[in-house]
There are 2 protein chains.
Amino acid sequence: MPNPPPGAIAVIFLSGRSAADPQGYGQAAEAMADAAARMPGYLGIDSARDADGVGITISWWQDETAAIAWRDDPDHARIRDQGRAIWYDWYRVIVATVDRAYGWTRPTDG
Amino acid sequence: MPNPPPGAIAVIFLSGRSAADPQGYGQAAEAMADAAARMPGYLGIDSARDADGVGITISWWQDETAAIAWRDDPDHARIRDQGRAIWYDWYRVIVATVDRAYGWTRPTDG
């Protein structure tokens, strides 16, 4: 996704995976991303997970109203409950407001 | 690290690794983390990198002054220049202010 504008909301999800049900986890992670993308004010998602099971997922939202609606979405709540029951040993959620952003891409030759 | 307090600054670094010099990269990533931890106002760091080379690193800072001092730190600048020259195909930096945070840990039996 392009960089979020100032005032956008970052919902930062840090998590440690349990050893349980890797296939079910992959399906749920996909369902979660699809559910987020259907919400008003969704800007995009970035995600990485280490080989040791520590992951960071950041969903980006247009404003606080959109981030709150995502927190309270029933599809989100259902998958979150499964996550606590099965897939995660721990997680942390940090909500932050974007101040500024920039980027760099390697110039191509020719 | 414990969750950052409201008003703390998240410096979110999203990156795509080039195929170059994985050993040198690991040493530089360690040097970068050490340099950050020596800065005033450093709160901690969280990091994850996918098998496909996409990584997310978030450094947490007490306030904007600390985040700016890190941006302008000469050790940081030198390693950043190496990153552009060698290790990354692209990166994005998003600076955001923490609004709220919470966490969950699986209860242990007994």
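The values are calculated or read from the model by the stated rules, or taken from the named source; none is laboratory data. Keep in mind it's a predicted model, so treat the numbers as computed, not measured. We place every Cβ from the backbone using ideal geometry, glycine too, and count neighbours over all the protein chains shown.
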Counting just the residues of the stretch A:1-21 that are farther than 26 Å from A:D63 by Cβ and in contact with a strand residue (DSSP E or B) (Cβ under 7 Å, 6 or more places away or on another chain), which one comes out farthest from the other protein chains (Cβ to nearest Cβ)?
A:R17
For the stretch A:52-65, what are the residues that are more than 18 Å from A:P4 (Cα to Cα) and within 7 Å of another protein chain (Cβ to nearest Cβ)?
A:V54, A:G55
When you go through B:G53, B:G103, B:G41, B:G16 one by one, which is the residue that is small (G, A, S) and more than 22 Å from A:I45 (Cα to Cα)?
B:G41
Only one of these is surrounded by 15 or more Cβ atoms within 10 Å (Cβ to Cβ), among the β-branched types (V, I, T) and more than 20 Å from B:R106 (Cβ to Cβ): A:I56, A:I45, A:I68. Name it.
A:I45
Please work out which residue is farthest from B:L14 (Cα to Cα), limiting yourself to the stretch A:71-102 and to residues that are of a type in the set (G, A, S) and exposed (fewer than 13 other Cβ atoms within 10 Å of the Cβ).
A:A85
Among the residues of the stretch B:22-51, count how many are hydrophobic (A, V, I, L, M, F, W, C), touching a Phe, Trp or Tyr at 6+ places or on another chain (Cβ under 8 Å) and within 13 Å of another protein chain (Cβ to nearest Cβ).
2
Restricting attention to the stretch A:66-103, and to residues there that are at pLDDT below 95 and farther than 21 Å from A:A28 by Cβ, which single residue is nearest to the other protein chains (Cβ to nearest Cβ)?
A:G103
Going through the stretch B:1-43 one residue at a time, which ones are hydroxyl-bearing (S, T, Y) and free of Cβ contacts under 8 Å to residues at least 60 places away in the same chain?
B:Y42
How many of the residues making up the stretch A:36-65 are within 23 Å of B:V54 (Cα to Cα) and either modelled with pLDDT of 90 or more or not small (G, A, S) (or both)?
20
